[in-house]
Amino acid sequence: EETGNFLHKPGDHSGDWTMSDTWDMFVKWEDNPLMYLFATFTLMSMLIWIGFAGDNLQHHRSYGSLSFAGGATHKQLWENSFGGGGFVLMAYRVAAFCFCCWFSITQIIQPNVDAGNKVTDYMNFHDWSFYCLTIFFGLGSFVSVRGVFGGDGDRASRYIGHSGDCNLAGHWLITFYSAAFTLCLACDLCVWLEMLFNPQCVAAEYKFKWSTLTDPASRLCYFEWNYVVGFVGNLLLLLVESTMGQLPFPKCYLSTPLFIVGLFTTLSYLMHEFLFYHWPYEQLNFYRWQCFWYVNGFNGLVFFGHFFLNWFLSMGKGDLTSDDVGDEHIPLFKGDDK
């Protein structure tokens, strides 16, 4: 049965536009899906460039590097607003890390093992966002324990930068902080929209019906405790961390969540083409033209979600400017004579 596409309709083609045959060859996904994979990652690289360099990179390099994260010294990674001792933040991070480990093992990994332990069972991007959250709290716990118990030593005053004795732990902590926060927000938003407009708690024949959309019972499965923890609790954990830890959330760390999205997309493609696994999401099927809009749409959601968090977590101020940078923001390439 002939299906056609959005320009070249099925039938005898007697009324087709003159250029439709040429266009049909150009958008023939089955013959060259890599062309659209390249287009997707080209757009993604543009988003990374806008996030990192488009916001006046030279200004950030002159005032402490990497946006206002330049002021994140080792000591500022584990201090908090409760007297500056860091013990309360350390206790919270350790407890959050233990909880995330328990949840990941019992509610994500173990069900996959029980279901047959197939590789594709682990290709769930919502799960990947929770793994990022677990890694962040694990690294945060390590940094807090070392700082509270005096393990920083001469590292306490080092700042985030590109060279020299820089705050390497701070760089990775903020990397996973920004990645976890951005990806959790994007994934949760997708689930919330699905719950509102396409609830999955009903049989397939009842989906996309008005009676289903207006029936609260069609959304009951979203209120099971593990769903609530996975798609609401993750953001609550990060919001408490942002209040207590007060870590910076720079725009220029946008590249990390986009890289993780790109890694997931690439692995999905390689597993399908070379290992003959099913697509983890049908929206990633590069043999369908709609894939271009799905993949780049999610990249756009990550992009705008990251910039929203940059604005929201800084109470509407965004990144610091030259007028806001304090003395503790050491210039990246400060000379010995200055």
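The values are calculated or read from the model by the stated rules, or taken from the named source; none is laboratory data. It should be emphasised that the depicted structure is a prediction, and the values quoted were computed from it without experimental measurement. Quick reminder, even Gly has a Cβ in these numbers, built from the backbone with ideal geometry, and neighbours come from all protein chains shown. Ligands, DNA and RNA are excluded from the accessible area calculation, which covers all protein heavy atoms including side chains. Shrake-Rupley method; radii C 1.70, N 1.55, O 1.52, S 1.80 Å.
Couplings 3J(HN,Hα) of segment 287-295, computed from phi: 8, 10, 5, 5, 4, 4, 6, 5, 5 Hz, in residue order, whole Hz [Karplus 6.51 cos²θ - 1.76 cosθ + 1.60, θ = phi - 60°; x for Gly and Pro]. Placing VAL240, VAL143 in order of accessible area, with the largest value first and a 1.4 Å probe, yields VAL240, VAL143.
Accessible surface of CYS190, taken over heavy atoms with a 1.4 Å probe and every protein chain present, rounds to 50 Å². The gain in end-to-end length when the PHE197 to PHE312 segment is fully stretched comes to 38.8 nm, 0.36 nm per residue minus the alpha carbon separation.
Each residue was assigned an accessible area with a 1.4 Å probe, and for TYR222 the value is about 20 Å².
Placing dummy labels 7 Å off each Cα toward the beta-carbon, the span from GLN107 to PHE274 is 3.4 nm. The label-point distance for LEU267 and TRP225, in a model that sets each label 7 Å from Cα toward Cβ, rounds to 2.9 nm.
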